[in-house]
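**Q** Have a look at the structure that comes next, please.
None of the figures in this text is laboratory data; all of them are computed from the coordinates on show. Model, not experiment: these values are computed from the prediction. Here the Cβ positions follow ideal geometry from the backbone for every residue, glycine too, while neighbour counts run over all protein chains shown.
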Amino acid sequence: MIKFNVFLKQLIAYFPSQIIPALVSFGIIILLTRYLSIDHYGSYVLFVTTVSLITTLITQWLIQSIFYYRPKYEAMQTLDEFNYYIDKFILFVLGLSFGIVLIISLLWLVAPELLPYEIIVVIIILIAFQSVFLINQTLQQSSMEVNKYSFHISVSNILKFIFIVITILYFDRNIITMLLLGTTLSIAIFVLPELFNQRRRKKITQKNSSVPFFKSMLEYGLPMLGWFFALTIINISDRYMIGWLNSSREVGIYSANFAVVTSAFGLLFAPLTKVMHPIFMKESDRDDIDTSRIELLMNKFTNLFIISGFPIIVLVIIYAKDISLLLLGKSYIDGSDIIPIITCGFFIWNLAMIGHKGLEIKKQTRKMMNFVIIACVLNVVLNYVFIIMFGYKGATWASFLAFLSYALLVYIDSRKNIKWCFDWKVVTIVSVVGMFNYFIITMINIEMKLTILSLIINSSIYILLYLVLIFTAIKLFKIKLSF
């Protein structure tokens, strides 16, 4: 079992790689929602969403396979061979992308009026560089090169913010294209040097056919690609359907408030996820998988996530409108009603990420894919019905129910597999303490005029009181949280 001090050290090391992107994301949201019109912001979000969808198709099957197979190649001391094949795929992605750019350039020279050339080329290059960047980040995460991982992702996000500020200050024409170009440059700065990294490009004396390698990677990764693709559809179908059924203005309002939640979760919980995944994958690198050991790990991480997540949900419920007004401005405050619902949905979804580790370790990725496809179909159907009935706010409930359905399917199936158990004593304690604090904070709000300072003070009081009470209860009821 992993030592708690090692776990804590890795968790802290991942924080810069999550805090900086989350803060940058908040900064970008604040800038763009104030600088762009709501319609233009909605269009920008749809372009970014499209890039995310295509990048998922290109990379996620390989990313999940890297997490699973790299420890095995490391154990066999054949990492050079593993890295050689990964490099071949990276060069293939870059070569294919620039080939497509060349073809589009030739078409544009023949008939320039047919294509919005600039934005198409920028999007293709962004997709290529983002795909390679994600693969490199996965290799660093899998090999637990935490400092390098954190440095790359932190600095690239800072550069992205700088390029966006420069775009806002100095460019008026093709603003969306320039924003996407800034993102591309912030990634390219790290992608290009990695192509010449000697550690990964070390020559191997015997080059076997790459077919068996990629066949095994595809067998594991393709169901995971289906899983990630369906998840991406859950996360983005609402934007497309709001734009289709209503307007890009509503896409802008919905997306801005949605982004507040995703950025906050990245800030608070992504470090835990980043540390957790390699730990579980290491457990899978055994001839005899210890089911009880994995169940214990799942239980510990579930308890930790519930304890850390519940106060955030309560604070978001209390301060949703104030958060929206502070970060986005008055034009977007109508969408603040979606923030508590999306927060609860993301909390449930992230719990399910712990619950399905048993399926990952048992290589039952096809079952995971089936579950998320069910959630995806439910999401699309409910989006269509709810958006027509309730506008963009209906999409919030569609996403929430999709996240909940996946978690329930995973929980029910785990009864027949590696069991995902809840410590109901922990759930009860957290609920009682959390709601007790809720009433205290709401009473304080009545007595205080709400400002940014009072928001920070009230949140700090809530969290401090929550931590004191929760750890007192944990000690009183002798609940073990250590690993």
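**Q** Looking at (1) 1.03; (2) 0.96; (3) 1.06, which value of Rg/Rh (Cα atoms, Kirkwood Rh) comes from a calculation on the structure shown?
**A** Checking each listed value against the structure points to (2).
**Q** Take LEU169, LEU328, LEU408, LEU32 and order them by how many other Cβ atoms sit within 10 Å, fewest up front.
**A** Working: LEU169 8, LEU328 24, LEU408 15, LEU32 21.
By the 10 Å Cβ count, ascending: LEU169, LEU408, LEU32, LEU328.
**Q** When the dipole is taken about the Cα centre of the range 213-343, and only Lys, Arg (+1) and Asp, Glu (-1) are charged at their Cβ, what size is it in debye, to the nearest 20? Walk me through the numbers before you get to the answer.
**A** Numbers: 10 positive and 12 negative charges, 69 e Å.
Once rounded to the nearest 20, the dipole reads 340 debye.
**Q** Follow-up question, since we're still on this one. Quick one: which residues, 5+ away or cross-chain, put their amide H under 5 Å from the amide H of ASN417? H built at 1.01 Å from N.
**A** Those lying under 5 Å, H to H, from ASN417: there are none.
**Q** From the residues PHE26, LEU401, VAL433, which one has its Cα farthest along the dipole of the chain in the positive direction, the dipole being from +1 and -1 charges on Cβ of Lys/Arg and Asp/Glu about the Cα centre?
**A** Checking the options against the dipole of the chain, the answer is VAL433.
**Q** Among TRP424, TRP108, which comes first, then next, by fewest other beta-carbon atoms within 10 Å? Intermediate results must be reported in sequence, preceding the final value.
**A** Details: TRP424 8, TRP108 17.
Ranked by crowding around the Cβ, least crowded first: TRP424, TRP108.
**Q** In nm, to one decimal, how far is the modelled label at VAL377 from the one at LEU57, with both set 7 Å along Cα→Cβ?
**A** Using points 7 Å along Cα→Cβ, the separation is 2.1 nm.
**Q** Rounded to the nearest 20 Debye, what is the dipole magnitude of the chain about its Cα centre when Lys and Arg each give +1 and Asp and Glu each give -1 at the C-beta? Walk me through the numbers on the way to the answer.
**A** Working: 39 positive and 26 negative charges, 245 e Å.
Dipole about the Cα centre, nearest 20: 1180 debye.
**Q** Considering only Cα-Cα distances, which of the following residue pairs are longer than 28 Å: LYS367/LYS480; LYS393/LYS416; LYS215/LYS362; LYS88/LYS148; LYS367/LYS393; LYS362/LYS393?
**A** Pairs exceeding 28 Å: LYS367/LYS480; LYS393/LYS416; LYS367/LYS393; LYS362/LYS393.
**Q** Can you work out the PRE-style zone for MET389? Point 7 Å along Cα to Cβ, and I want the residues of the range 246-263 with backbone N under 18 Å.
**A** 246
**Q** What FRET efficiency, computed as 1/(1 + (r/R0)^6) with R0 = 35 Å and r the Cβ-Cβ distance, is obtained for THR472 and SER292, rounded to the nearest 0.05? Present the calculation step by step, with values, prior to reporting the outcome.
**A** Details: r = 30 Å, r/R0 = 0.86.
For THR472 and SER292, the calculated efficiency is 0.70.
**Q** Less than 11 Å Cβ to Cβ from ASP238, Lys/Arg counted +1 and Asp/Glu -1: what total charge do the surrounding residues give?
**A** Once positives and negatives cancel, what remains is +1.
**Q** Can you compute the charge dipole magnitude of the range 36-143 about its Cα centre, using +1 on each Lys and Arg Cβ and -1 on each Asp and Glu Cβ, nothing else charged? Give it in debye, rounded to the nearest 20. Could the numbers behind the result be given before it?
**A** Details: 3 positive and 7 negative charges, 48 e Å.
Using Cβ point charges on Lys, Arg, Asp and Glu, the range 36-143 gives about 240 debye.
**Q** Cα gyration tensor of the range 25-178, axes a ≥ b ≥ c as square roots of the eigenvalues: rounded (a/c below 1.5), prolate (a/b > b/c) or oblate?
**A** Working: a/c = 2.79, a/b = 1.49, b/c = 1.87.
Oblate, since a/c reaches 1.5 and b/c is not below a/b.
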